[in-house]
1. Do you know which residues across segment 139-168 are at pLDDT below 95 and among the acidic types (Asp, Glu)?
2. Would you call VAL3 among the aliphatic types (A, V, I, L, M), surrounded by 17 or more Cβ atoms within 10 Å (Cβ to Cβ) and not in a helix (DSSP H, G or I)?
3. Hey, does segment 201-215 have a residue that's of a type in the set (Ser, Thr, Tyr) and more than 20 Å from ALA57 (Cα to Cα)?
4. Could you say whether any residue in segment 75-92 is farther than 23 Å from ASN150 by Cβ, at pLDDT 95 or above, touching a Cys at 6+ places or on another chain (Cβ under 9 Å) and not charged (D, E, K, R)?
5. Any residue at all in segment 182-190 that's within 20 Å of ALA62 (Cβ to Cβ) and surrounded by 15 or more Cβ atoms within 10 Å (Cβ to Cβ)?
6. Restricting to segment 187-219, name every residue that is under 19 Å from the mean Cα position of the chain (by Cα) and either on the phi > 0 side of the Ramachandran plot or not in a helix (DSSP H, G or I) (or both).
7. Can you name every residue in segment 41-57 that is more than 20 Å from GLY18 (Cβ to Cβ), surrounded by 16 or more Cβ atoms within 10 Å (Cβ to Cβ) and hydrophobic (A, V, I, L, M, F, W, C)?
8. Just checking, does segment 205-212 include any residue being in contact (Cβ under 8 Å) with a residue 24 or more places away in the chain, touching a helix residue (DSSP H, G or I) at 6+ places or on another chain (Cβ under 6 Å), within 27 Å of LEU80 (Cβ to Cβ) and among the acidic types (Asp, Glu)?
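The values are calculated or read from the model by the stated rules, or taken from the named source; none is laboratory data. From a predicted model like this one, the values you see are computed outputs, not experimental measurements. Cβ placement follows ideal geometry from the backbone for every residue including glycine, while neighbour counts extend to all protein chains displayed.
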Amino acid sequence: MTVLVIAAHPDDEALGCGGTMARHAGQGEDVHVLFLADGVTSRDETGEADVEKRRAAALAAARALGAKPPRFASMPDNKLDTVPLLDVVKAVEEALTETVPDVVYTHHGGDLNVDHGIVHRAALTACRPQPGCPVRAIYAFEVPSSTEWNDSVFIPNRFVDIGATLDAKMKALACYAGEMRPFPHPRSLEAIEALARWRGASAGLEAAEAFHIIRQVVP
């Protein structure tokens with residue numbers, strides 16, 4: 001099996017499905033990641049050094065999860081609404097052509113962050129089920145401090161046991177130390193572990209990541 005995670009920013013992949021990525025990789029499956037936006041240039045007084053630092057963090061996180069080195073489309077952070085949707089779709093299509101994934105993980109369409117919503121739409125557009133499309137399943141993940149901050153409810157209907165890979169998820173998040181916040185912020189390490197424990201308890205597991213099934217094709 002080949003997996004492609006289509007994310008807006010470096011850290012979204014670890015937040016949303018890091019434990020699941022590590023589980024796929026641990027089973028010998030190829031795990032690829034595409035980041036559409038750079039994740040930093042919307043902030044004041046940021047430059048190329050900040051972009052490179054975020055990329056280095058993403059590379060370290062990928063190693064922690066057992067994923068392949070990520071792809072970076074380097075589009076403007078929190079400004080994907082200024083980029084023609086066709087350009088975002090084409091970047092996703094290029095990654096699909098290069099990786100030929102069976103499974104795609106991407107953002108929930110109702111996230112508060114504008115980039116997340118656009119990436120969701122671009123992923124679904126690029127993965128439209130035309131004859132010959134390799135993608136057999138698309139799952140939406142939740143990103144703490146975005147998914148729960150909007151009034152579009154995330155309703156999980158797929159739970160992945162990450163009891164054995166929660167440590168790998170937390171190590172990947174440690175690579176993004178600059179993006180983490182002190183508790184009780186939802187993007188704190190304590191809150192993220194608590195969410196994994198709650199999602200696990202919801203499914204009778206020690207720890208889990210929750211997803212909404214967008215499409216699942218059984219041949």
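1. Across segment 139-168, the qualifying residue is only ASP151.
2. Values: among the aliphatic types (A, V, I, L, M): yes; surrounded by 17 or more Cβ atoms within 10 Å (Cβ to Cβ): yes; not in a helix (DSSP H, G or I): yes.
Spelling it out, VAL3 is indeed among the aliphatic types (A, V, I, L, M), surrounded by 17 or more Cβ atoms within 10 Å (Cβ to Cβ) and not in a helix (DSSP H, G or I).
3. Residues of segment 201-215 of a type in the set (Ser, Thr, Tyr): 202.
Now narrow it down to the ones that are more than 20 Å from ALA57 (Cα to Cα): 202.
Yes - at least one qualifying residue is present in segment 201-215.
4. no
5. Initially, segment 182-190 is screened for residues within 20 Å of ALA62 (Cβ to Cβ), giving 187, 189.
The next check asks that each one be surrounded by 15 or more Cβ atoms within 10 Å (Cβ to Cβ); those that pass are 187, 189.
Yes, there is a match, as at least one residue in segment 182-190 is within 20 Å of ALA62 (Cβ to Cβ) and surrounded by 15 or more Cβ atoms within 10 Å (Cβ to Cβ).
6. If the condition is that a residue be under 19 Å from the mean Cα position of the chain (by Cα) and either on the phi > 0 side of the Ramachandran plot or not in a helix (DSSP H, G or I) (or both), then ARG187, SER188, ALA207, ALA208, GLU209, ALA210, PHE211, HIS212, ILE213, ILE214, ARG215, GLN216 are the ones that fit.
7. As a first pass, look at segment 41-57 and keep what is more than 20 Å from GLY18 (Cβ to Cβ): 41-52.
After this cut, where a residue has to be surrounded by 16 or more Cβ atoms within 10 Å (Cβ to Cβ) as well, the list is 41, 46, 50-51.
Matches in segment 41-57: VAL51 only.
8. Filtering segment 205-212 down to residues in contact (Cβ under 8 Å) with a residue 24 or more places away in the chain leaves 205-212.
Then keep just the ones that are touching a helix residue (DSSP H, G or I) at 6+ places or on another chain (Cβ under 6 Å); that gives 206-210.
Pick out the ones that are also within 27 Å of LEU80 (Cβ to Cβ) and you get 209-210.
With among the acidic types (Asp, Glu) added as a condition, the list becomes 209.
Yes.
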